[in-house]
Amino acid sequence: MNAAGDRAWMQRAIALGAQATRAVRPNPLVGCVLVVGDDVVGEGFHAIVGGPHAEAVALAQAGDRARGATAYVTLEPCNHWGRTPPCAQALIAAGVARVVIGVRDPHAMASGGAETLRAAGIGVTTDVLADAAGDLAAVFLTGIGHHRPFLQYKLAATADGRVAADDGTTRWISSPDARRLVHAMRAEADAVLIGSGTALADNPRLDCRDLPTPPRHLPLRVVLDRRLQLPTDSHLAQTTAQATLVVTDDPRREASTHADQLRALGVDILCVPTAPTWLRDVLRALYQRGVHHVLCEAGPTLGTALWAAQLVDRLDLLVAPKLLGSGTPWLQPLGIATLGDARALRWTAVQQVGQDVWLTARPQ
């Protein structure tokens, strides 16, 4: 198979893996395609934690036809016994002739599959569409590499980059179709993150009410609120069907009467001591609580702080066909004085949603 053919089949494996949902966490999204000549003999994706991996699904579908096949796998086949057997050994036992890998697995226990396959005489090619394969497994790779959740930053802005008019109005910049998309994003996240400014100004619900079918999972709502100002009559404090966590940096506020009042309403309070790395420390504290994917819907103050700390892993920018000419820009100054120092992004998707354009990018 030539390089162009390898890329085409890997793209199919990536598309398969993208069919999975947050049900795989903490495992990665993975797709696999088994090919003999120009024919697919088996394919699949990892659908749920504890269930068969993508390679196992594809091998089961292929049966004896897997012998002599080329396997296209978005993530290096695992090399250890966990909830399921090692996929590298399954590929060897099936008689696969060649394995093409999108991105290597950095997990200390699971890695090494490529070397195991080579030692068994199987041809291995790595780093095929590595950026796209890495995007697919980004939640998993971020956790393994940085010990914090993957942070997806979503915002809606006018075509001239404004998130609020001069009078402070923000509703509605985006179209109804775009707002439904945001609710679908929330359903795929483990937590939705905002700052105290957004909580006080907008009194948001951060729920998934615009989806036609209520999701089985509602994300944890997280408010970074150093002064512990969240009102007890706010939607975030009153809607107990969906959990809310308020993060402060002051043990005195954690032990205050207001904190007790919030707790009485079901709100959880977490104190992360103030530090130059406070935002990173907060994200790592969330990771320790089982949060692997954070959707940030913060305003410019917190958003800029996250960009400055290089904690944003994906940008979802919903651009509305509107012009204000003034108002609040979505990003505050980052201290960058020359174009050569600009933060570089890599566009990964562009599409139209209702009247708006949805742009997705990853930091370089």
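Can you say whether L262 is part of a helix (DSSP H, G or I), open to solvent by less than 40 Å² (accessible area, probe 1.4 Å) and out of contact with any His (no Cβ under 7 Å at 6 or more places or on another chain), as far as the supplied structure shows?
Values: part of a helix (DSSP H, G or I): yes; open to solvent by less than 40 Å² (accessible area, probe 1.4 Å): yes; out of contact with any His (no Cβ under 7 Å at 6 or more places or on another chain): yes.
It is true that L262 is part of a helix (DSSP H, G or I), open to solvent by less than 40 Å² (accessible area, probe 1.4 Å) and out of contact with any His (no Cβ under 7 Å at 6 or more places or on another chain).
Might you let me know whether region 219-239 holds any residue that is closer than 30 Å to N27 by Cβ and either in a loop (DSSP other than H, G, I, E, B) or in contact with a Lys or Arg (Cβ under 7 Å, 6 or more places away or on another chain) (or both)? Write out each step before concluding.
The first filter runs over region 219-239 and keeps only residues closer than 30 Å to N27 by Cβ, leaving 219-224.
Filter once more, keeping what is either in a loop (DSSP other than H, G, I, E, B) or in contact with a Lys or Arg (Cβ under 7 Å, 6 or more places away or on another chain) (or both): 219.
Checking region 219-239: at least one residue is closer than 30 Å to N27 by Cβ and either in a loop (DSSP other than H, G, I, E, B) or in contact with a Lys or Arg (Cβ under 7 Å, 6 or more places away or on another chain) (or both).
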For residues in region 20-45 being free of Cβ contacts under 8 Å to residues at least 12 places away in the same chain and in a loop (DSSP other than H, G, I, E, B), which is least open to solvent (accessible area, probe 1.4 Å)?
G37
Selected residue (criterion: surrounded by the most Cβ atoms within 10 Å (Cβ to Cβ)) from residues of region 280-305 that are out of contact with any strand residue (DSSP E or B) (no Cβ under 8 Å at 6 or more places or on another chain) and part of a helix (DSSP H, G or I):
Y287
Got at least one residue in region 185-194 being open to solvent by less than 60 Å² (accessible area, probe 1.4 Å), on the phi < 0 side of the Ramachandran plot and in a loop (DSSP other than H, G, I, E, B)?
yes
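Of all the helices (runs of 4 or more DSSP H) wholly in region 53-155, which have at least 2 residues that are open to solvent by 20 Å² or more (accessible area, probe 1.4 Å) and farther than 30 Å from V312 by Cα?
Numbers: elements: 54-62, 87-93, 113-119, 130-136, 138-146.
By residue number, 54-62, 87-93, 113-119.
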Tell me yes or no: at least one residue of region 127-150 is of a type in the set (V, I, T) and at pLDDT below 95.
yes
Could you check how many residues of region 306-362 are surrounded by 14 or more Cβ atoms within 10 Å (Cβ to Cβ) and part of a strand (DSSP E or B)?
19
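The values are calculated or read from the model by the stated rules, or taken from the named source; none is laboratory data. All values derive from a computational prediction rather than experimental measurement. Because the Cβ atoms are built from the backbone with ideal geometry, glycine has one as well, and the counts that use them run over all protein chains shown. These area figures cover heavy atoms from the full protein model, side chains too; ligands, DNA and RNA do not enter into them. Shrake-Rupley method; radii C 1.70, N 1.55, O 1.52, S 1.80 Å.
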